Amino acid sequence: MKNHHAGKVLVLALLGLFMLSACSADTASEETTAPVPDATELMPVLSEEAGDADRLPEGFETSEAYTAEALRMLAQSSYGDHFVAEGVNGELCLITVAAPKEQGMEPEVAASTCPPVEHVAENGILLAVTGGESSFDVVTFLLPPDISEQTATETINKLVPNNHTGLRPAVEILSNDSAVLLVMTSETSQELGDFQLPRPNGDSLTIRPLD
């Protein structure tokens, strides 16, 4: 669904819930006994006082899934601004506002998704932003908390040699508030295809590009 607001498009889509899959051994007994964290435990920045940066650009509206007061800026990349929010029913929302391809232009498109916290804790979040005529098509991966920035960097460096030699890396790896983000264009995501991130317990997380 697309809503037009002041010449801008806010795409509010539930994307990526099943595009991240854990390849694991039989851990059912552990999963049934482990407590499920709430959104603020998983993302402590949500408990901080809101500031001027914790707002969507002018012309964009929030979803019914979260309130404007719940928004917090998580990170900025070359491809967009990335926010998190606690959903009205306790979900963890990820929001990306795609960056314009040329400097001086205003953002025109964004997307959000709000999966349950237990899904995020195990699988992370995959979100794609498409549809802007002058903006990047952005894919954002919020990794689950057990996969570190070092692990993500080592994996991406194997997949994309010399990833950080340019001014705009093919895959940006951002770390903030104990959260790790992988940000890239949809073209780069398709080129990478399926890839796996190792987990501390010996399992792996398989990330698949959105079709």
So E154 and E106, fully extended at 0.36 nm per residue minus their Cα-Cα distance, gain in nm 13.8 nm
So, with +1 on the Cβ of K and R and -1 on the Cβ of D and E, and no other charges, what is the size of the charge dipole of region 56-99 about its Cα centre, to the nearest 20 debye? 180
Applying the Karplus parametrisation 6.51 cos²θ - 1.76 cosθ + 1.60 with θ = phi - 60° to the phi angles of region 195-207, what ³J(HN,Hα) value in whole Hz is obtained for each residue in order, glycine and proline being reported as x? 8, 10, 10, x, 10, x, 7, x, 7, 8, 10, 9, 10
Counting only protein heavy atoms and using a 1.4 Å probe, what share of the accessible area of region 48-142 belongs to carbon plus sulfur, as a whole percent? 39
Protein chains only, probe 1.4 Å: how do E69, E172, E49 rank by accessible area, largest first? E49, E69, E172
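The values are calculated or read from the model by the stated rules, or taken from the named source; none is laboratory data. Model, not experiment: these values are computed from the prediction. Using ideal geometry, Cβ is built from the backbone for each residue, glycine included, and neighbour counts are taken over all protein chains shown. Note: accessible area is taken over every heavy atom of the protein model, side chains too, but ligands, DNA and RNA are not part of it. Shrake-Rupley method; radii C 1.70, N 1.55, O 1.52, S 1.80 Å.
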